[in-house]
Amino acid sequence: MGSITLKGVRKSFGGVDVIPGIDLEIGEGEFVVFVGPSGCGKSTLLRLIAGLEDVTSGQILIDGRDVTTAAPVQRGLAMVFQSYALYPHMSVRKNIAFPLKMAKMAEAEQAARVERAAGILNLTDYLDRRPGQLSGGQRQRVAIGRAIVREPEAFLFDEPLSNLDAALRVNMRIEISELHKKLGTTMIYVTHDQVEAMTMADKIVVLRAGRVEQVGTPLELYHKPVNTFVAGFIGSPNMNFIGGEVAARRNAHTIGIRPEHWVVSRESGRVKGRVTVSEHLGSDTYLHVTLDDGTHLVVRAPGEFPVTYGEELWLTGAEGQVYRFDEKGMAI
Ligand code: ADP
Ligand code: MG
C-alpha cells in the first residue's frame, strides 16, 4: 500500500510549462524527498499528486489505481504544510479529530485514533490546550497528528519545518524520521534544504525547472552526481568548480572538488592560493582561498587550522575525489 507512480506528468499554467514531463516511481513505505531551488516546481508536483491541481497531461497511479482525475479525498493521501493551519479556537484534541469529524466517523473511533496519534507524537498531555498555548514544534506536531488520524496511504509534506528556528528544525527532522520508522507509511517530503534531503530521505529526487535531474539515495547523489547541477546542490558547503588549465590537465571542461576533499599543505601541492577568510568552527576550519587565476575555493581543514589573512597555501584534490564534467556540465 502507498506506492505512487507518475507517468509523463506535465503541468502548465497559462501556457507556461512549469513541469514539462515527469516519470517517477515511489515504492511502498519509501521516504522520498523532492529537493530543488525555490520555484523549480516542488510544491506544484506535490499538489498534482494530492489532487489539489489538475495535470495538463499524464497519469498518476496510487497502488496501481489511476487517480489522475480523482478528487483529493478519494486519493487517501494526507498533506502537511509549512503553515500549520490549525483552528485557534479549538483544542488540540478537536484540531486533530477535525478530518474524522468531517468524515462523520463514529465518536469512539475518533477518540481512539486521536489518543493513538497523540501518543505517537508526545501530545497526550496537551490535548486540552489550544494552539496558542503551544510551541512552534508542538503546533507542527498537531498538524502532523491531524494527518496521522486519517491513516493515509501516504503523507505529503510541503516544507513543513520552514517556519521553525534552526535548533527546532533539527529536532523535528529527527522526529519525522522516527515517525516514518514507526508508521512505515510512504512519505513524500518537499524541501529546498539539501541537508534535510540528505538526512531524511531513502530516495532523493533532485528537481530543476520542473525536470528530474537525478534520482538516488543520498550517498549515490553525493558520490555519483550526474551533472554539475546535482554536484553543486548536494553537499555542504557546496562543491568547488574549477575550469581553465587546471581542468584541462585532467581532460575535463570543469572539475569539481568538495571542500572536504582537499589536502592542504604549506609546502607543496597541485594549486596555490591565498587565504581570504577563515571560519573556525572548532571541529573544522573552513578556508576561503583565492587561486592566482581568481578562482574562489572553500576548503575544509579538520580541527583547528591556524592561518593568517593572505597566507599562501598549496592545495591538492584527494585521490579519487576529483569529479570531471564536460562542456555541457555532464559527468564524465
Ligand atoms: P517550488 O515549490 O519549487 O518553490 P512551485 O511549484 O511553487 O515551486 O512553483 C513552480 C513555478 O510554477 C513557479 O514559477 C511558480 O511561479 C509557478 N506557479 C505555481 N503555481 C502557479 C499558479 N497557480 N499559477 C501560475 N503559476 C504558478
Ligand atoms: Mg514550494
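The values are calculated or read from the model by the stated rules, or taken from the named source; none is laboratory data. For clarity, every value in this text was computed on a predicted model and none was experimentally measured. Here Cβ is always computed from backbone atoms with ideal geometry, including for glycine, and neighbour counts include all displayed protein chains.
At-a-glance table
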| item | result |
| --- | --- |
| Subset tally (residues that are part of a loop (DSSP other than H, G, I, E, B) and without any contact (Cβ under 8 Å) to a residue 12 or more places away in the chain) for region 244-256 | 1 |
| Among the residues listed as ARG130, ARG150, ARG116, the single one being surrounded by fewer than 21 Cβ atoms within 10 Å (Cβ to Cβ), over 19 Å from LEU183 (Cβ atoms) and charged (D, E, K, R) | ARG130 |
| Residue match in region 286-304 (condition: in a strand (DSSP E or B), in contact with a Pro (Cβ under 8 Å, 6 or more places away or on another chain) and hydroxyl-bearing (Ser, Thr, Tyr)) | yes |
| Scope region 257-270; condition farther than 9 Å from GLY317 by Cβ and not in a loop (DSSP other than H, G, I, E, B); matching residues | PRO259, GLU260, VAL264, SER265 |
| Leading residue by the ranking (nearest to ligand 1 (Cβ to nearest atom)) among those in region 31-70 that are assigned to a helix (DSSP H, G or I) and β-branched (Val, Ile, Thr) | THR44 |
| Pair list, Cβ under 6 Å, 6 or more apart: region 29-49 residue over 20 Å from ARG173 (Cα atoms), other residue more than 8 Å from ligand 1 (Cβ to nearest atom) and at pLDDT below 95 | none |
| Test result for LEU86, within 13 Å of ligand 1 (Cβ to nearest atom), under 26 Å from the mean Cα position of the chain (by Cα), in a loop (DSSP other than H, G, I, E, B) and within 24 Å of ILE144 (Cα to Cα) | no |
| Region 232-278, residues that are within 11 Å of VAL299 (Cβ to Cβ) and touching a Lys or Arg at 6+ places or on another chain (Cβ under 6 Å) | PRO259, GLU260 |
| Enumeration of residues in region 220-238 that are part of a loop (DSSP other than H, G, I, E, B) and either surrounded by 23 or more Cβ atoms within 10 Å (Cβ to Cβ) or among the hydroxyl-bearing types (Ser, Thr, Tyr) (or both) | PRO225, ILE234, SER236 |
| Flag if PHE34 is within 16 Å of ligand 2 (Cβ to nearest atom) and closer than 19 Å to GLU159 by Cα | yes |
| Scope region 242-258; condition under 29 Å from GLU304 (Cβ atoms) and surrounded by 20 or more Cβ atoms within 10 Å (Cβ to Cβ); matching residues | ILE242, ILE255, GLY256, ILE257, ARG258 |
| Count of region 78-99 residues which are surrounded by 20 or more Cβ atoms within 10 Å (Cβ to Cβ) and at pLDDT 95 or above | 5 |
| Residue in region 71-79 that is in a helix (DSSP H, G or I), under 30 Å from LYS7 (Cα atoms) and of a type in the set (Gly, Ala, Ser) present | no |
| Residue that is farthest from ligand 1 (Cβ to nearest atom), among those in region 10-30 that are part of a strand (DSSP E or B) and buried (at least 16 other Cβ atoms within 10 Å of the Cβ) | ILE26 |
